[in-house]
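The values are calculated or read from the model by the stated rules, or taken from the named source; none is laboratory data. Note that the structure is predicted; figures quoted are calculated from it, not measured. We place every Cβ from the backbone using ideal geometry, glycine too, and count neighbours over all the protein chains shown.
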Amino acid sequence: MTTYEAILLTIITASTPLLLAALGELVAERSGVLNLGVEGMMAMGAACSFGAAVAFDSSLLGVLCGILAGVLMAALFALVVLGFAANQVGSGLALTILGLGLSGLIGAPFVGSRRDPIALITIPGLSDLPGLGRIVFSQDPFVYGTLALTAMVAWFLTRSRPGLTLRSVGENHTSAHALGLPVLKTRLLAVLFGGACAGLAGSYLSLVYTRFWAPGMTAGRGWIALALVVFAAWRPGWALVGAYIFGAATVLQLHAQAAQMGVPSQLLSAAPYLATILALLLLSIRHARAVGAPGSLGVPFVPDR
Amino acid sequence: MRLELVPRASISPTLRAVAPVAAFVIAFLVAGLVIWILGRSPLAAFRVYMSDPLQDPWALQELVVKATPMALIAVGLSYCFRANLWNIGAEGQYVIGAICGGWLALATHGTEAGPWVLPAMLALGIVGGALYGLIPAFLKVRFGVSEILTSLMLVYVAQLALDYLARGPWRDPKGFNFPQSVTFDPSATLPPVFETGRVHYGATFALCAVLVTAFVLGYTLFGYRLRLTGDAPRAARFAGFSSKVTTLAVFAISGGLAGLAGITEVSGQIGQLQPTISPGYGFTAITVAFLGRLHPIGIMVASLVVALTFIGGESAQILLKLPLDLTTAFQGILLLCVLAADALVSYRLRFVARGVRA
């Protein structure tokens, strides 16, 4: 494998968790719920999946536990912001703080353990193509699954009836309620989906990307996923593009650090965060107001009779 | 069975006051459950976390030392949160305040510069924190960029900047390669308030911030303007209050106070610059601000309560082998409970049997 192939491969693996988490958050935000707890749900997904995978020696069980952890965290968030109509920004932050602390407790016994890489899916024939064949057609199942999920979410939001319901609930919950649409139920399901995606993204980080667990290993990826949703103007296709741009930025930054170019490593480490700010800024300059932001985003809903 | 929220006709002041206390008790019970699951005695943990530190005079001083930065930051954040603006990057503004003030301490190191150094350091800390806080505010008012994400991203940038300085250009050449600066001169160190003990003058700054804020919020037009902007943005616009000016002002205030917290911590408590100078005070201050119901006096009490969990967490780590992450998790649960309790002050919960139309 040449260096360029290796770089392309790592870009794909670095982008996949970002895309997964961003897709989940995108669906939740389209239903009108701003969940700033992505980082916490992801951290819980990473810790629980790794712990379960080591304890049961099964990556599959690990992934399932990671998803479950994300869903449970999201359910807690839903109870507070949907059940009690609490402030969404504050509750999301609390979820992140809780997730980072709790994941540290859960993961502590597994520091130092390692997992074997999971099997790749190689598509016979195509993977032998010269050039990009091996990169594109010999990947882990998550990469293909995430790409399929992107297409499914795009189809669901724009072409399906429940997707239309979800969007109208997010656009104007008062009107949606007046039409008899189940606002809170739709939002609950969307938030749980977001939790499952964030948990899966965390599992990918600990089981595939690093293959070990360390405290704070999510390193702000949940927040970058949140920024990606804004960057993508709440559209799944653009989330895919954005995730790959950010994945590339992260990986190239690491290679630049390894190459010792005389630039402080901290400056390169700060690059993804600065790039996020820059991306949000450029997007806002191009469009006068936040494009595509759901009308009821972040506003608690309490049904009247 | 279905859960329904019914708006309360009037909000009772008793309920308002009881809500944070109830939230704290619930969070405490949940934490006890977690400790029990971890196989430790919740009662022993309660003693270590809550009761032991309050009986030891040394720990009481430590309580004030830990509460100081959180109270300073949380009072600043209360300006933002009251105006419904989300500065969640106080941790970064704290670090930048420490860097700016610390720069002067290092620049004048060994020069016998005189008594002006310390006030100048504090001023630099405030200005640095305020300017750093103004970045997300400016991006918001000028370009409409969400302040939530930009302020948070800037935390990582500030931490990396401090990491670079403490390991690189500002490292003590005689420090055996430890990543830390020289120890500040006495002229650059905040003196202790009492002859014995560790409480430094930062505590008095926090007290001043609390009193000034109580006055500003209660008795000035600016305080009224903040409340109006947060509660009724349209009414605030009609009253001629520019939301842009409000945004810039509250970010500058909260950034400045966070910067002051950073430089007082470095010059009064740590005594030098290190790659890490905070156990997450900037984030915990968010919990403190809400636990104190965004009221300065409430925040002062809340900062002492949360400082207790920090000190308890440290001794629990030694005595009960409970990891420090438990403290973080507890603070997350606490914030969730406080926000839920806040919401339940305005709404009544009602359980409706399935199929019954209310």
Just the residues that are more than 18 Å from the chain's Cα centre (by Cα) and facing chain B (nearest Cβ under 7 Å), please, taken from the range A:99-118.
A:Gly101, A:Leu102, A:Gly104, A:Leu105, A:Ala108
Could you identify the single residue in B:Leu221, B:Leu257, B:Leu248 that is free of Cβ contacts under 8 Å to residues at least 60 places away in the same chain and not polar (S, T, N, Q)?
B:Leu221
Quick count over the range B:153-188, residues being under 23 Å from B:Gly282 (Cα atoms), away from chain A (no Cβ under 14 Å) and surrounded by 20 or more Cβ atoms within 10 Å (Cβ to Cβ), is 1
For B:Gly313, the lone unmet condition from (1) more than 14 Å from every other protein chain (Cβ to nearest Cβ); (2) surrounded by fewer than 24 Cβ atoms within 10 Å (Cβ to Cβ); (3) among the small types (Gly, Ala, Ser) is (1)
Based on what the data block shows, is B:Ile286 assigned to a helix (DSSP H, G or I), more than 14 Å from chain A (Cβ to nearest Cβ) and at pLDDT 90 or above?
no
So, of the residues in the range B:121-152 that are free of Cβ contacts under 8 Å to residues at least 40 places away in the same chain and in a helix (DSSP H, G or I), which turns out to be surrounded by the most Cβ atoms within 10 Å (Cβ to Cβ)?
B:Leu149
Flag for B:Phe215 being on the phi > 0 side of the Ramachandran plot, out of contact with any strand residue (DSSP E or B) (no Cβ under 6 Å at 6 or more places or on another chain) and surrounded by fewer than 20 Cβ atoms within 10 Å (Cβ to Cβ)
no
Can you report the number of residues in the range A:167-181 which are without any contact (Cβ under 8 Å) to a residue 12 or more places away in the chain, surrounded by fewer than 21 Cβ atoms within 10 Å (Cβ to Cβ) and either of a type in the set (Lys, Arg) or touching a helix residue (DSSP H, G or I) at 6+ places or on another chain (Cβ under 8 Å) (or both)?
2
Suppose the filter is within 11 Å of chain A (Cβ to nearest Cβ), within 22 Å of the chain's Cα centre (by Cα) and of a type outside the set (Val, Ile, Thr); does B:Met121 pass it?
no
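Here's the yes/no breakdown for (1) of a type in the set (Asp, Glu); (2) more than 9 Å from chain B (Cβ to nearest Cβ); (3) touching a residue at least 60 places away in the same chain (Cβ under 8 Å):
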residue	(1), (2), (3)
A:Gly40	no, no, yes
A:Phe56	no, yes, no
A:Val63	no, yes, yes
A:Leu68	no, yes, yes
A:Leu79	no, no, no
A:Leu82	no, yes, yes
A:Ser91	no, no, no
A:Ile97	no, no, no
The lone condition A:Val230 fails out of (1) surrounded by fewer than 17 Cβ atoms within 10 Å (Cβ to Cβ); (2) not in a loop (DSSP other than H, G, I, E, B); (3) not hydroxyl-bearing (Ser, Thr, Tyr) is (1)
In the range B:318-329, what residues are assigned to a helix (DSSP H, G or I) and either within 12 Å of chain A (Cβ to nearest Cβ) or aromatic (Phe, Trp, Tyr) (or both)?
B:Asp325, B:Leu326, B:Thr327, B:Thr328, B:Ala329
